[in-house]
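Each reported figure results from applying straightforward, stated rules to the coordinates on display, with no laboratory input. Quantities reported herein were computed from a predicted structural model and do not represent experimental measurements. Using ideal geometry, Cβ is built from the backbone for each residue, glycine included, and neighbour counts are taken over all protein chains shown.
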Amino acid sequence: MKEEPFPDPPILFLLMGASNLARGYSMLTHHLSECLEKNNIEFLNALGPGRGFCARGGIFNITYSPIQECRIIESGEKKSKEALLTVALITDIGNDLMYGVSADTLIKSLDIIIDEILKWDAEIFLTPININPKKDISPMIFFVLRFLLYPSSKVNYEEIDLSIFKVNEYLEKKVRRDEKMHLITGLEAFAGLDRIHYSFFKTHTAWSTIAENFFRVINIPALKKLRLIDAIKSIFSNLKRLIFCDMFFLKKKGREFF
């Protein structure tokens, strides 16, 4: 009797972020699957608009548990033991600050998540907070954005500016201490008018840049490029997920979502 071959160990991706990741999720995961076509790939995801790392957040009637508490790390630890390679992306850092979480509390939360993932010998990619309030937006625009996106927030212009500087400084120092950590910079070039979200016309380029950083570290060539049409499909896919799964609970998300 012929024995069934054991499946190849997967490359495990942990994707953690908020609205930019939610919008680009389908595009990014499809792109990674295409470029790594000869590999078994698995994704674990904690994402959603307004999501925080240590604070509950969301949009409209949708709320998400903090990423630190949603069990993605627990699940990732188990799956990483059988993975060929584990890659973690920590992005869209900043919502917690707008919810009134101090920079020190957010840094402590990120430290817990990062240090746990480092135990698995994973490659960790981080993106800094790309907005520089005093350079990118006026106090008036800040208060308009705060009212529209974070209506219950009381954080002021000066506080957010200092907090962003402190968190970004922490990320830079953290990355310098371990070669398994990688800071993806320059993504502010793809920001839209609100300086928070990637521009509709540049989001595919932003995610191509992030994916290329993955491929450079794991030493696999990126054979394909993302296009604007990929971004459009991904944004619509996110809207469907928000409406049918998160807002009206008409459909369950896969077990890979936390």
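Put simply, the C-alpha atoms of segment 10-88 give a gyration tensor, and the ellipsoid matching it has half-axes of 24, 16, 7 Å, longest first.
Beyond 24 Å, what share of the Cα-Cα pairs of the chain is found? Please give it as a whole percent.
Numbers: 15594 of 33153 pairs.
Beyond 24 Å sits 47 percent of the P(r) for the chain.
The C-alpha atoms of the chain define a longest principal axis, and helix 157-176 lies at about 30 degrees to it. For segment 172-244, GluC sites (Glu not before Pro) are listed when DSSP marks them as loop and at most 12 other Cβ atoms sit within 10 Å of their Cβ; the list is Glu179. Each of Gly57, Phe200, Leu14 was scored by the projection of its Cα onto the charge dipole of segment 11-247, and the greatest displacement toward the positive side belongs to Phe200; charges sit on the C-beta of Lys, Arg, Asp and Glu.
Compute the angle between helix 19-35 and the longest alpha-carbon principal axis of the chain, please, reported from 0 to 90 degrees and rounded to the nearest 10. Here the helix axis deviates by roughly 20 degrees.
Segment 1-106: which GluC sites (Glu not before Pro) are DSSP loop and have at most 12 other beta-carbon atoms within 10 angstrom? Taking segment 1-106 and a limit of 12 other Cβ atoms within 10 Å, the loop GluC sites (Glu not before Pro) found are Glu3, Glu37, Glu82. Taking every DSSP helix (H) stretch of at least 4 residues in the chain, weighting each as -39,500 (n - 2.57) and dividing the sum by the residue count yields a mean residue ellipticity at 222 nm of -13500 deg cm²/dmol. Helix 139-149 and the longest principal axis of the C-alpha atoms of the chain enclose an angle of approximately 50°.
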